[in-house]
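Just below is one structure, and these are the notes that go with it.
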Amino acid sequence: MTVSQSETYRIADLGQSLLNRKIHLRGWVRTRRGSKGFSFIQLNDGSNLSGLQIIADEKLENYEEISKLSTGAALEVWGTLVESQGRGQDFELQSEQILIRGTAPGEEYPLQKKGHTLEFLRDIAHLRPRTNTLGAVFRIRNTLSQAIHRFFQDRGFLYVHTPIITANDAEGAGEMFHVTSLDLEQLPKTKAGKVDYDQDFFGTDVSLTVSGQLGAEVFALAFTNVYTFGPTFRAENSNTARHLAEFWMIEPEMAFMDLQGMLVLTEEFLRELLKECLDRHEEDLAFLQKMYDQELISGLKHICDTPFETLTYTEAVKILENSGKSFEFPVEWGCDLQSEHERYLSEVHLGGPLNLIDYPKDIKAFYMKQNPDGKTVAAMDVLFPRLGEIVGGSQREDDGESLLHLMREKGLPEETYQWYLELRRFGTAPHSGFGLGLERLVQFVTGMKNIRDVIPFPSSSPAPVATMKKN
């Protein structure tokens, strides 16, 4: 086999079986150091954290160019995989041909051979995936995405693509990005002085979706078990370490399932995802633990090994009131629990994962199943130490009259949700569902403190996405 005919491999796939074979690699220079007659190049192709050392000697016809390479240059390398004589690596490549595909002028390339702050990297979102930190984060994000699909597909769930543009506010909070084809400089108005949406593309006021749940319910009442996995949007203050304007949501919906059945499924789901990352990303997690969270791996293993406890909201409020702790946000029955409350319950009170159920109906969405007490609904949140809420869901209200009453209480337009009410008339069944924000899950698994560091292009970066207006 000639050099040019060598098989192409990813660095992560190299192993003992390829020793002394001629192979072809492609990647980017992380570092290069010179010695008399030799250059040692650390090449990374994104498939793992450590990359591979390439040995280039002065016999190469373009060695003069190679000896001047700087961080960031793109290479194709042909050579023989051999056992490494150095520490910290099993293999290295004795190169026989190196093709320089793209240079990166050292004095101009932003990613120098030094540490960079995450804040700095957010300003160069087009280059930050090449760093060790972001490489580890996005390999883990990829594994989680695969594992999510596998979990549901292995259990016979139907994958549904729900609308991104919708007239329905699933959360009822009104924090939505409006979509229009109208000329904003010359908006048509009705006689009452309001925007005339009859002249708009859809003939009504529409927005980017905050959730695929309502559409998923339609399909659950035909296919039994379904899930969505797609982009969602919230027009709330996303200039924080916990919020994003655009993020990805996983939302399963299950017919003939009550709240208790969903608690069992959710626990199984979360355990499987965390175990997948622990099994597949030992190197990445060890790096992230060293850099950002010294208890990262033990914390993930603790979730996998600890049964999820269950408390009602009412029990939780009593625990918080009797804790003797001075919270920033006061606690009383009927309040919306904040992150500090959730973390106290999971970290301090229980020291493990917690299912919190039966919230007051006044602080929850209109579609949640009313409990017999008339004050609470069959809602659930899963709380993790270090994070707080990781999953939120509920049993859905399947009684048409109760649902209509709740909608009127919350001032929702009946005509907009007529189809949703009809689902309760035509073959309704008990059904439940939950939502999991992918970025929040990735943040927990990687130990990153800012959610903008686990999404490919944060809304605060100048390119290639729009920048949120700073207040």
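Every number here is computed from the coordinates shown, using simple stated rules; none is lab data. Keep in mind it's a predicted model, so treat the numbers as computed, not measured. No Cβ is skipped: glycine too gets one built from the backbone with ideal geometry, and neighbour counts run over all protein chains shown.
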| remark: Quick note, the range 228-337: a/c under 1.5 would make it rounded; otherwise a/b > b/c is prolate and the rest oblate (a ≥ b ≥ c, C-alpha gyration tensor); here it is rounded
| task | Compute the relative contact order of the chain as a whole-number percentage, counting only Cα pairs closer than 8 Å that sit 6 or more residues apart in sequence. | result | 13 percent
| task | Have a look at 220, 286, 273 and report the one farthest towards the positive end of the charge dipole of the range 215-288, computed about the Cα centre with Cβ charges (Lys/Arg +1, Asp/Glu -1). | result | 220
| Between the range 263-310 and the range 383-400, what's the alpha-carbon centroid distance in Å? | 20 Å
| So, how do all the Cα-to-Cα distances of the range 23-62 break down into 10 Å bins, in percent, from 0 on up? | 29, 52, 18, 0
| query | Which whole-number value in Å³ per residue fits the convex hull of the alpha carbons of the chain? | reply | 201 Å³
| query | What whole number of Å gives the distance from the Cα centroid of the range 148-165 to the Cα centroid of the range 34-92? | reply | 43 Å
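Quick check: from the Cα gyration tensor, does the range 131-213 come out rounded (a/c under 1.5), prolate or oblate? Before the final figure, lay out the partial values.
On the way: a/c = 3.76, a/b = 2.15, b/c = 1.75.
Taking the square roots of the gyration eigenvalues as a ≥ b ≥ c, the range 131-213 is prolate.
Using Cα pairs closer than 8 Å and at least 6 residues apart in sequence, work out the relative contact order for the range 311-470, in percent. Walk me through the numbers on the way to the answer.
Working: 226 pairs, mean separation 24.8, N = 160.
Over the range 311-470, the number comes to 15 percent.
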| request: Please give the direction-averaged projected area of the C-alpha convex hull for the range 339-422, in square nanometres with one decimal. | output: 6.1 nm²
| note | Long-range amide H partners of residue 116, meaning residues 5 or more apart or on another chain whose placed amide H is closer than 5 Å, are none
| said: Can you compute log10 of I(q)/I(0) for the range 215-267 with the Debye formula, treating each Cα as one identical point scatterer, at q = 0.18, 0.28, 0.29 Å⁻¹? | reply: -0.72, -1.01, -1.04
| said: If N is the number of residues in the range 116-177, what value comes out of its Cα radius of gyration divided by 2.2 N^0.38 Å? | reply: 1.67
| query | When the distances between all Cα atoms of the range 36-118 are binned every 10 Å from zero, what whole-number percent does each bin get? | reply | 16, 48, 32, 4, 0
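Using 18 Å as the Cα-Cα cut-off, could you pick out the over-long pairs in 194/410; 364/449; 68/113; 114/290; 36/114; 275/301? Don't jump to the answer; show the numbers that get you there.
Working: 194/410 23 Å; 364/449 28 Å; 68/113 15 Å; 114/290 16 Å; 36/114 25 Å; 275/301 8 Å.
In this structure, 194/410; 364/449; 36/114 exceed 18 Å between Cα atoms.
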| query | Roughly what angle does helix 259-280 make with the longest principal axis of the chain, taking Cα atoms, 0 to 90 degrees, to the nearest 10? | reply | 10 degrees
| remark: Once the in-chain neighbours fewer than 8 apart are removed, the lysines whose Cα is under 22 Å from residue 22 read 59
| Hey, if you drop one equal point scatterer on each alpha-carbon of the range 129-272 and run the Debye formula without solvent, what base-10 log of I(q)/I(0) do you get at q = 0.14, 0.17, 0.19 Å⁻¹? | -0.85, -1.08, -1.21
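Round to the nearest 0.05 the FRET efficiency obtained for residue 194 and residue 59 when R0 = 56 Å and r is the Cβ-Cβ distance. If you can, show how the numbers build up before the last one.
Numbers: r = 78 Å, r/R0 = 1.39.
Approximately 0.10, to the nearest 0.05.
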| task | Check the straight Cα-Cα distances from residue 318 and name the lysines below 19 Å, setting aside those fewer than 8 residues away within the same chain. | result | 361, 375
| task | Could you tell me how many degrees, from 0 to 90 and to the nearest 10, lie between the Cα long axis of helix 132-154 and the main elongation axis, the longest principal axis, of the Cα atoms of the chain? | result | 50 degrees
